[in-house]
């Protein structure tokens, strides 16, 4: 073999090694208790399932090859089509495995119910509003709001209430918690926490238009001091999230940078939930003819 | 005016303007994305012109019309379904490659397809693969094979069969027209509102989707009724239910699923049309609408649909594995029970498509457990197929290779299916590439491999010559590794949090996996090319590979007991069935290839243009609705209704084949059979194979 040919597997190996870094982005690199529990559940279910797929993966090639036509030493029983013990063997173990899985499933679906409050300190309340193509986070107790940046205190549970100002979206924090839909006129909930200070990613997983791929935001977990400092700095922001600012934000747009609001109109989330908050996106549509694809990706939105 | 029409033009053309044509858009704003769109439109138009010119030049219009388009023969309609599926498969697979290419090159870069086009690509890819590739393919196989397997001369309702095909073809035509006129929906194959409502998706895209899907779902419902009635009422004497070939059982279950699962889809697309056309509020954000109703109704169709797609392939595998293992099916009763169990359970799991909608843990857990329960009968089937090979004589023909690849690949898909059925795990990977990888892992081995295996298995029956096995094996060598390369990286990317349907990627760590997936997609499209090459080579060399006697694989069902291709009337005399694997036992007891005691006249349905008229009229009516060309919608809608009303009043819809003609054809074929040299299994993939199998006792003698 020429030495050049060795390079190909080497290159492939390097690519695979480089690619495994991708798993750091998701649930296999958990940054909070919920994601960690999901990962453990994943490993557990996978281990149980090895008993299901293992025999098939071994038997299929083995049987097919052993009983090939050209093998004259293999048995041939063309009329053999039923056997009671074998029937038991192919029906009972799968049923048993599903029963075992079902027990774990029942338990873990309840413990990992996104609506179930996390134990420990009182949760930080955050209200999330899904917009085209950004996320607004309102901190009702603190009276501040952000867009495209979720700041949370590390080590303290967070309780998120979600709704949508537009179409259905799916909220995911890959390293912190599972998905939950945000739908207009309805409130869904998500409980999660971060172990330690640090930045992770949040995103919308449900396609919602031309800016979908850019609908990502940073989740910043901070220690208590850092969070207090951030809160003070945000409260000092002169921007107010009122009806006009909300209307401007609700147009379809991709923001170049996250926004912060020092004050928020009270009950804004409730008004969005009640569908009583005037929204801007419907206006956008008047500008577009029958061909919707001519819609501009980024409209000039300035909430400041 | 380029963007709006007024006055007379508006009455005549509705919303149709110059800007609807991709060529005009590309002229006004030339960029790669528009040019690709134009190229696709040009392929459709040039392809249509080329086909038209070719048929005219060959002078084959009359032949096509009388022998194919207006035919009510289940075999011809079946073949037309498969041809339609092949054309649509080619388009949707090209789209898949474009999708994979875009994601591979758009890593912190714009790529070459803009978001609007990308969204149309994944929407058309999914819609076509489900409704206009998989559905026609399996319907075609069922159409061709089931009447032959149960010993019938046609379907229960031959005219409805034609109607079903032409409605599906009209839907497929709308999909193709959308490439050249206007644009398609960007809302994905499931078309979730409120995104597909007027408030968020103006334009004609969702309307194309609604009407194409509505036509297809109506067509599929008629197929379901037809196949179920055929199997219930048209079985040959002695063919009781527990003697049915397994393909008939899976076809029966599929058709029952079609009857019950298609109406929710038709209803939900029409309700969405009500929102879009009449200002109703079924699924809007405002006015009391609730999109959750859409999601529930869609998946009330959508989950049984998965089994509509997979069960016929299970039937094919049962036939293929049994035939190419030279052995009766292991666990026939188990397989029948498992098939029925899957069909029933498929209606109890739809909620697992939206575990993340915020319903309580009890509900999620119940549906999660119901979903895992389907794994039991499915696992039983896998073992039944393994034990069918056990103590058999396995021949590695391309169909068999696809079946073996299915057993392994599908099991891995089942593994990830159980993962997704566990609600907390679904929370993590829902709407990610993990999900995309999973359902491709079920549907490519679970439907496509099965359909291709069935096509290769029954092709010699339908056309009288074998398909080239070498090119068949090359196809396997492309499809199977191509699948693993294309989709296993997506599992990992999904676990890394990569969303599905994303036009751009912002994490360079995803790059190697996206490259691997692209490579896999290219390998799979090479697989499709090899299938076309195989067809070409086989037609070219057909003289050497004819199997006129009709039983090239020493197979077991009644369909192999007649000539290849079978006469129009299938059976000169309706067979009497005494056992499962009827033809196998007849061969064994020296009862095969015998002339009848006496022949009778056979009554067959006459050709009818009504199906074609109904399909064309419905297609044009829907085109009018899409572009708000009201006169067109009204005119052709009335024509369609008139066709439905007029047809039952037509007299003289049957014709009689005289007994002498039946006898002459049958005796000519029997003479061929008696003159043919029986082929041993070792040589069935050679020119020696004339479709007469060397009998079973010889094989036993060899062993003894």
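Is the shape of segment B:552-607 rounded, prolate or oblate, going by the alpha carbon gyration tensor and its root eigenvalues a ≥ b ≥ c, with a/c under 1.5 for rounded and a/b larger than b/c for prolate? Could you put the intermediate results ahead of the total?
Values: a/c = 2.17, a/b = 1.58, b/c = 1.37.
It is prolate, given that a/c is not under 1.5 and a/b is the larger ratio.
Taking the Cα centre of each part, how many Å lie between segment B:26-54 and segment A:226-263?
For segment B:26-54 versus segment A:226-263, the Cα centre distance is 47 Å.
Peptide B:506-512: average number of partner chain Cβ atoms within 10 Å per residue? Please list the in-between numbers first.
Values: counts 5, 6, 3, 8, 4, 4, 10.
The per-residue average across the peptide is 6.
On average, how many beta carbons from a partner chain sit within 10 Å of the beta carbon of a residue in B:282-289? Walk me through the numbers before you get to the answer.
Working: counts 0, 0, 2, 12, 5, 1, 1, 2.
Taking the mean over all residues of the peptide, I get 3.
If you look at just the Cα atoms of the protein assembly as shown, how large are its Rg and its Dmax in Å?
That works out to 29.9, 101 Å for Rg and Dmax.
Viscosity 0.890 mPa s, temperature 25 °C: give me the Stokes-Einstein translational D for segment B:474-554 in µm²/s, with Rh taken as the Kirkwood radius over C-alpha pairs.
Calculated translational D: 161 µm²/s.
Could you state the number of Å between the C-alpha centres of segment B:397-432 and segment A:141-167?
Taking the Cα centre of segment B:397-432 as reference, the centre of segment A:141-167 is 36 Å away.
Can you give the Rg to Rh ratio for segment B:536-654, taking only C-alpha atoms and Rh from Kirkwood? Mind dumping the intermediate values first?
Details: Rg = 22.8 Å, Rh = 18.9 Å.
My calculation puts Rg/Rh at 1.21.
Report the Cα centroid-to-centroid distance between segment B:151-214 and segment A:119-133 in angstrom, as an integer.
First find each Cα centre; the distance between them is then 41 Å.
Using a Debye calculation, one point per C-alpha and no hydration shell, please list log10 I(q)/I(0) for segment A:124-280 at q = 0.17, 0.19, 0.21 Å⁻¹ in order.
Relative scattering, expressed as log10 I(q)/I(0), comes to -0.95, -1.22, -1.52.
Fewest first, what order do B:500, A:156, A:252 take by the number of other Cβ atoms within 10 Å? The partial results should precede the final answer.
Values: B:500 20, A:156 17, A:252 24.
The order, fewest Cβ neighbours first, is A:156, B:500, A:252.
Report, in degrees rounded to the nearest 10, the 0 to 90 angle that the Cα long axis of helix B:398-421 makes with the longest principal axis of chain B.
Taking Cα atoms only, the helix is inclined about 40 degrees.
For the residues B:579, B:597, what sequence is obtained by ranking on other C-beta atoms within 10 Å, fewest first? Before the final figure, lay out each step's value.
Details: B:579 11, B:597 6.
Listed from fewest to most nearby Cβ atoms, that is B:597, B:579.
Two decimals, Cα atoms only, Kirkwood Rh: what is Rg/Rh over segment A:67-213? Walk me through the numbers on the way to the answer.
Details: Rg = 25.0 Å, Rh = 19.2 Å.
My calculation puts Rg/Rh at 1.31.
So for segment B:201-287, what are the equivalent ellipsoid semi-axes in whole Å, largest first, each being the square root of 5 times an eigenvalue of the Cα gyration tensor?
On the way: eigenvalues 296, 24, 16 Å².
After scaling each eigenvalue by five and taking roots: 38, 11, 9 Å.
Pairing the Cα long axis of helix B:630-646 with the longest principal axis of chain B, what angle in degrees results, from 0 to 90 and rounded to the nearest 10?
Helix B:630-646 sits at roughly 20 degrees to that axis.
Can you order the peptides B:200-206, B:636-642, B:312-318, B:334-340 by their average number of other Cβ atoms within 10 Å per residue, highest first? Could the numbers behind the result be given before it?
Numbers: B:200-206: 25.0, B:636-642: 16.6, B:312-318: 29.4, B:334-340: 19.9.
The most tightly packed comes first, giving B:312-318, B:200-206, B:334-340, B:636-642.
Once you average over the residues of B:430-443, how many Cβ atoms of partner chains fall within 10 Å of each Cβ? Provide the component values of the computation, followed by the final result.
Numbers: counts 8, 10, 8, 0, 2, 1, 0, 0, 0, 0, 0, 0, 0, 0.
For peptide B:430-443, the averaged partner shielding equals 2.
On the principal axes of its Cα set, how long, how wide and how thick is chain A? Give whole Å, largest value first.
Principal extents (largest minus smallest coordinate, Cα): 86, 50, 46 Å.
Relative contact order of chain A, please, whole-number percent, based on alpha carbon pairs below 8 angstrom and at least 6 residues apart. Kindly include the intermediate steps, with their values, before the conclusion.
Numbers: 505 pairs, mean separation 53.1, N = 304.
The value is 17 percent.
With every atom except the alpha carbons ignored, what do you get for Rg and Dmax of segment B:436-491, in angstroms?
13.4, 43
Mark the label point 7 Å from the Cα of residue B:359 along Cα→Cβ and return the residues of segment B:434-464 whose backbone N is within less than 13 Å of it.
none
Given a Förster distance of 22 Å, report the FRET efficiency between residue A:83 and residue A:44 from their Cβ-Cβ distance, rounded to the nearest 0.05.
On the way: r = 34 Å, r/R0 = 1.52.
Approximately 0.05, to the nearest 0.05.
What share of all Cα pairs of segment A:31-133, in percent, falls into each consecutive 5 Å distance bin?
Here the calculated profile for segment A:31-133 is 2, 8, 11, 14, 12, 11, 9, 7, 7, 6, 5, 4, 3, 2, 0.
What ranking do B:417-423, B:600-606, B:438-444 get when scored by the average of other Cβ atoms within 10 Å per residue, highest first? Please report the intermediate quantities before stating the final value.
On the way: B:417-423: 24.7, B:600-606: 15.4, B:438-444: 21.4.
In descending order of packing, they fall as B:417-423, B:438-444, B:600-606.
Going by alpha carbons, how many degrees (0 to 90, nearest 10) lie between the helix axis of A:224-235 and the longest principal axis of chain A?
Around 40 degrees separate the two axes.
Percent of Cα-Cα pairs more than 14 Å apart in segment B:251-322, please. Write down the numbers at each step before the final one.
Details: 1660 of 2556 pairs.
Distances greater than 14 Å cover 65 percent of the Cα pairs.
Using only the C-alpha atoms of segment B:25-170, find the volume of their convex hull and express it per residue in Å³.
Numbers: hull volume 18.4 nm³, N = 146.
Per residue, the Cα convex hull of segment B:25-170 comes to 126 Å³.
So what is the 222 nm mean residue ellipticity for the protein assembly as shown from helices alone, if each DSSP H run of at least 4 adds -39500 (n - 2.57) and you divide by all residues, rounding to the nearest 500 deg cm²/dmol?
-18500 deg cm²/dmol
Going by how many other Cβ atoms sit within 10 Å of their own, how do A:273, B:519, B:278 line up, fewest first?
Details: A:273 21, B:519 17, B:278 7.
Taking fewest neighbouring Cβ atoms as first place, the list is B:278, B:519, A:273.
Calculate the radius of gyration of the Cα atoms of chain B to one decimal place, then report Dmax, the largest Cα-Cα distance, as a whole number, both in Å.
Looking at chain B, its Cα Rg and Dmax stand at 25.6, 88 Å.
Each reported figure results from applying straightforward, stated rules to the coordinates on display, with no laboratory input. Just so you know, these numbers come straight off a predicted model, no measurement behind them. All Cβ positions, glycine included, derive from the backbone under ideal geometry; neighbour counts span all protein chains shown.
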